[in-house]
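**Student:** Below: one structure in structure tokens.
Values in this text are rule-based calculations from the coordinates and carry no lab data. What you are looking at is a predicted structure, and each value in this text was computed from that prediction instead of being measured. Cβ atoms come from the backbone with ideal geometry, glycine included; neighbour counts cover every protein chain shown.
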């Protein structure tokens, strides 16, 4: 079973509202997907609504979608939100080229697969 993490539990509606806000504002996110079997994938891009209730994170919103990851947030059994109080943003400064992260929205599924969306600062000075 995955660790409960340090973020705050949020409702499905709160997560839905935040996803919609990020979609509307074309917020850049870094999506990190992990499964209990060790599959890991990351993609940076914007959120897109896809058919069947799927939310995609695509490197480019323009077709063809060649680099993306998708998930159905309605299937999550737990959701957490955290800002820089839950993960120190200055720690990413230790990694050359790492983006500055403002917040994180985590979805955990019944098989313990997880996807975390990290909100990326538009400007390094944010």
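**Student:** At 7 Å along Cα-to-Cβ for each site, give me the label-to-label distance between residue 65 and residue 110 in nm.
**Tutor:** Here the answer is 2.3 nm between the modelled labels.
**Student:** Related question: Relative contact order for the stretch 8-120 using alpha-carbon pairs under 8 Å, separation at least 6, rounded to a whole percent? Mind showing how you got there, number by number?
**Tutor:** On the way: 215 pairs, mean separation 30.7, N = 113.
Computed over the stretch 8-120, the figure is 27 percent.
**Student:** Within the P(r) computed for the stretch 8-120, what percentage of the Cα pairs occupies the region above 24 Å? Display every interim value, and only then the final one.
**Tutor:** Details: 1328 of 6328 pairs.
The proportion of pairs with Cα distances above 24 Å equals 21 percent.
**Student:** Continuing with this model, one more query. Give the span of the stretch 7-56's Cα atoms along each principal axis, as three whole-Å numbers ordered largest to smallest.
**Tutor:** 32, 25, 23
**Student:** What nm distance separates the two modelled labels at residue 14 and residue 72, each placed 7 Å from Cα along Cα→Cβ?
**Tutor:** 2.5
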